[in-house]
């Protein structure tokens, strides 16, 4: 499958993305000029903001200022820290190629199976490029005549950081520069060329003294020289083998070219930007370009939603090494998180700054969220899910539980009983309600706090049990119980907090976190539970999309699939694809059509919406959640649980269920006709009977029917296989779902007629 873009591409954020986890490149250009913007994941300026406004600022002081309603004073300190140019992610530089006379760019493409870019030129010549998966170099091959020139440009934006001018070097076959940073580290970008068999070969790399040693020039030269000596074809072959293994882990097929292309593209983003042993994906991944500006939002790690969503699309796809990139990175930062907990909260354990640099230091921003310890609990959910999906007891014992336990220790120390004996935080908020206004400080605990805390404590109880720590497990369970119930209004809708209903359109679905992704409330629970879920979710329809971002649409798609509303799930996914992505697939946050899908129309790209789109597809194809998090039970495997009617034919291979079981299935005429489960471990496997009265023909005789499930006792490696008869005709199209998901014209989602209720900043 190919991504194809017609020339020109005259802006960096619509470029063709390449990467090998550590380094990345964007290919763009117009006319006779091609540009290759270069990035490296660990290039950071870690200097605190001038004067370090956060130095000496503590949670105790924050509590006092919140009580005094000194929101402006808080903003001066915490927003002030974020307003400075540094700390920040920094771009590496750019190569500009003036093509041979007569060569004009016509079309850009990206072959996803081989992770190889191609640029077709007007006279029949072409350029091909890949960021090698097995060596830290970018390779570019240009046919059809020598380029007229090649320029290596240091980034203009670093001048805002008061860096010294780069030291530039050239020889007959190479250009390079060394960019000193402010406090000692330096990096080198080296580009070398060679004429081979009538084509021009360009190799480039970025070296950084913090990782590659002080001789950044020597290391860069050696890497480029080795790549030129090996040649394009040899390195490309090794590169293709790596990507073949990557794609072999799982596959998905749905009858929608737009959805399929985006799904494949975003899985490609994992392989390009998240490798084991390399920096994990921040807001822009390895695609921070030099466009004259430093990256939006500092290119940082945002933990009030962004990183968690970024790493929600890998579990079912079985891309566990790509997920470990983030989990091991955060585990290695425990010393920084312990320091943050001690210095800011005066507490034992570890706390994760919600707005964080590569080194794990807090960057400031809206204090309601940037300095809240709650977001670390949500990050903890990713450790829990990884353990649940891999069944890796060593990971659980040595990484997941120790990390989550330390996050829990900080939160346990901060929680205090109120007059009713309910454990509450000293201050509370609900991201990102009322932005940074005084009203954003809500009565503890917000429903967001309750959901994150309960999920962490229940997950810790389950992890502790697996480690044989029975007493600790009981204590974590007790803490979860002492948080009290979710706040629900008289109409049975989830609230922001005990004192605040959600009354406006809002991009962050913090109020319903307990439904998805945590499953603390589930659609198969009691009638009362189901009533709260449906009323709360459908009320979000009433409040509208006015202040949604692109990730709101993909989040809502996954949420609707989880509660078995497939038509609504598809509408929200398609609305996102229609309105909120750039033509290269990058999630652009705002409504790029400016047609009513949101009042937000800004475009700095971030990647979390992309990855949650994959999670939404997975939720439609396969679900395996347990009804009671923390219990240690395994939920039934639900095959095609939330399939939209339009997806008559579909299939998937080796998607992973919780428990590590690999699942494959086929769907014809809107019905499952084949399924296969390969057991990861001995025990009981349950498959939900959602086959609408058709009887599966199993490959084994020991199947039992228990309630709504087919039940098997299996050994590791056992294969459960079943076929079902293909229906002779399609079932009737279901009734239109509630607005806005009933708005379609010729297969294209239409913006709601009523965009909803604006968030009010009037404090009254």
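Taken along its principal axes, the alpha carbon cloud of segment 638-723 reaches lengths of 37, 24, 19 Å, longest axis first.
When the alpha carbon coordinates of segment 580-684 are projected onto the principal axes, the ranges are 51, 38, 22 Å, largest first. Our summary of shape: the Cα atoms of segment 122-175 have principal axis extents of 44, 30, 24 Å, ordered from largest down, in whole angstrom.
Hydrodynamic radius of segment 187-226 by the Kirkwood approach over all distinct alpha-carbon pairs: 10.6 Å. Computed over segment 54-139, the P(r) curve from all C-alpha pair distances, binned at 5 Å from the origin, holds 3, 10, 13, 11, 9, 7, 5, 6, 7, 9, 9, 6, 4, 1, 0 percent per bin. Annotation: segment 387-441 has a Kirkwood hydrodynamic radius of 14.1 angstrom, from the mean reciprocal C-alpha pair distance. Here is how the number arises for the chain: DSSP H runs of 4 or more residues each give -39500 (n - 2.57), the sum is divided by the residue count, and the result at 222 nm is -9000 deg cm²/dmol. Spatially, segment 685-748 and segment 173-217 are offset by 54 Å when compared through their Cα centroids. Shown is the FRET efficiency for residue 527 and residue 107, computed with R0 = 41 Å from the Cβ-Cβ distance and rounded to the nearest 0.05: 0.15. With the convex hull constructed from alpha-carbon coordinates only, segment 505-597 shows a mean projected area of 5.7 nm² over all directions. Can you compute the label reach from residue 745? Point 7 Å from Cα along the Cβ direction, backbone N cut-off under 20 Å, restricted to segment 571-599. In segment 571-599, the label zone of residue 745 (backbone N under 20 Å from the point 7 Å along Cα→Cβ) covers 571-581, 591-599. For the pair residue 244 and residue 4, a Förster radius of 25 Å applied to the C-beta separation gives a FRET efficiency near 0.70, rounded to the nearest 0.05. An ellipsoid equivalent to segment 420-533, defined through the eigenvalues of its Cα gyration tensor, has semi-axes of 26, 17, 12 Å when rounded to whole angstrom and sorted largest first.
Against the compact-protein benchmark of 2.2 N^0.38 Å, the Cα-based radius of gyration of segment 88-220 scales to 1.14.
When every Cα-Cα distance of segment 282-371 is counted in 10 angstrom steps from zero, the calculated P(r) takes the values 16, 43, 32, 9, 0 percent. The share of Cα pairs per 5 Å bin across segment 311-482, counted from zero up to the longest distance, runs 1, 9, 17, 21, 21, 16, 10, 4, 1, 0 percent.
Rg to Rh for the chain: what is it, with Cα atoms only and Rh by Kirkwood? In the chain, Rg relative to Rh is 0.97. Here the label points at residue 694 and residue 438, each 7 Å from Cα along the C-beta direction, are separated by 6.2 nm in the simple model.
Taken together, the values in this text are just the output of simple stated rules run on the coordinates, not laboratory data. Keep in mind it's a predicted model, so treat the numbers as computed, not measured. Methodologically, a virtual Cβ is constructed for each residue, glycine included, from the backbone with ideal geometry; neighbour enumeration extends over all protein chains shown.
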